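> Dumping the structure here so I can ask a few things about it.
The values are calculated or read from the model by the stated rules, or taken from the named source; none is laboratory data. This is a predicted model, so every value here is computed, not measured. Reconstructed Cβ throughout: ideal geometry from the backbone, glycine too, with neighbour counts over all protein chains shown. Ligands, DNA and RNA are excluded from the accessible area calculation, which covers all protein heavy atoms including side chains. Shrake-Rupley method; radii C 1.70, N 1.55, O 1.52, S 1.80 Å.
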Amino acid sequence: ANSSNPDIDYLSFSSWSGVFSIDNVRVQAHLTGQPPLDILRRLSQLTQSAIYDENGKIKFVRFTLASSPSFTLADSGTVDAQATLDDRELINRAAVSAAYNVDSQSFGVTVFDISSDSQASYGLREEVVSENYVWLTDSVSALNLAQRMIVTNKNMQNKYSITTPLTSIGVEIGDTVTYQDSFLQVDDTFRVMGISTDMQTGKKTLDIDR
């Protein structure tokens, strides 16, 4: 990305792209007029990232495991909270293809990661990733994604949607927070996956999970 591009938050892009040499994640693309939003959605999936619009600029954040919280959100500072549990997001066998060949329209490698304990508890829940115009370039990159998919999705876990006063909290998507709620009986660390703001009601809603 060019730092002069007015549509990109270059600071977030520079930080985001710099992570991948450390994490051994490499991506390649062959674009022939695909919709930009679809490209970004697929790139987001392959890199386990949030790519979103903020104040007219595209921001990039690499999701990390929920650790080292930057903020504590207690029920005393919230307006409302809801918990959801959805087994459709369970993954205990991940298959990720990489090294796509445009000429032969085939992948050079497919790697797998599994959770035997999760399969014993819930049965087989498989997710296959085989993107063919934005793809991971090698087995190391593919294994990185497969392992992250298993770690974050092998167990049934509540997700929370928390409504707070607009001025009460200054977190961003990708941040880690500690959420405490005596009614919902939760005291744990979560990632902020989504934020929506309602200026009319003066409230902000945070979507968090592990």
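> Which residues, taken from region 157-185, are within 13 Å of residue 84 (Cβ to Cβ) and either open to solvent by less than 30 Å² (accessible area, probe 1.4 Å) or hydroxyl-bearing (Ser, Thr, Tyr) (or both)?
Correct list: 160, 161, 162.
> Scan region 12-24 and give yes if some residue there is exposed (fewer than 13 other Cβ atoms within 10 Å of the Cβ), in contact with an Asp or Glu (Cβ under 9 Å, 6 or more places away or on another chain) and closer than 16 Å to residue 144 by Cβ, otherwise no.
Yes, region 12-24 has at least one match.
> When region 37-60 is examined, which residues are found to be in a helix (DSSP H, G or I) and β-branched (Val, Ile, Thr)?
Correct list: 39, 47.
> Looking at (1) open to solvent by less than 70 Å² (accessible area, probe 1.4 Å); (2) hydrophobic (A, V, I, L, M, F, W, C); (3) more than 27 Å from residue 208 (Cβ to Cβ), can you tell me which one residue 140 breaks?
(1)
> Then there's this: Out of region 156-185, which residues are out of contact with any strand residue (DSSP E or B) (no Cβ under 9 Å at 6 or more places or on another chain) and free of Cβ contacts under 8 Å to residues at least 40 places away in the same chain?
Scanning region 156-185 gives a single hit, 185.
> Tell me yes or no: at least one residue of region 186-203 is touching a residue at least 60 places away in the same chain (Cβ under 8 Å), open to solvent by 70 Å² or more (accessible area, probe 1.4 Å) and among the charged types (D, E, K, R).
Yes, region 186-203 contains at least one residue that is touching a residue at least 60 places away in the same chain (Cβ under 8 Å), open to solvent by 70 Å² or more (accessible area, probe 1.4 Å) and among the charged types (D, E, K, R).
> Also, I was wondering about something else. Report yes if residue 128 is out of contact with any helix residue (DSSP H, G or I) (no Cβ under 9 Å at 6 or more places or on another chain) and open to solvent by 70 Å² or more (accessible area, probe 1.4 Å), otherwise no.
yes
> Of all residues in region 61-105 being in a loop (DSSP other than H, G, I, E, B) and among the hydroxyl-bearing types (Ser, Thr, Tyr), which is nearest to residue 162 (Cα to Cα)?
Within region 61-105, the match that is nearest to residue 162 (Cα to Cα) is 78.
> Only one of these conditions is not met by residue 118: (1) closer than 24 Å to residue 161 by Cβ; (2) part of a helix (DSSP H, G or I); (3) of a type in the set (Ser, Thr, Tyr). Which number is it?
(1)
> Quick one: is residue 150 open to solvent by less than 20 Å² (accessible area, probe 1.4 Å) and either acidic (Asp, Glu) or farther than 16 Å from residue 63 by Cβ (or both)?
no
For every residue, the table says whether it meets (1) at pLDDT 90 or above; (2) closer than 17 Å to residue 79 by Cβ; (3) in contact with a Phe, Trp or Tyr (Cβ under 7 Å, 6 or more places away or on another chain); (4) not in a loop (DSSP other than H, G, I, E, B).
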| residue | (1), (2), (3), (4) |
| --- | --- |
| 169 | no, yes, yes, no |
| 183 | no, yes, no, no |
| 189 | no, no, no, yes |
| 200 | no, yes, no, no |
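> Could I ask something else about it? Of these, 87, 113, 80, which one is in contact with a helix residue (DSSP H, G or I) (Cβ under 6 Å, 6 or more places away or on another chain) and either at positive phi or open to solvent by 30 Å² or more (accessible area, probe 1.4 Å) (or both)?
113
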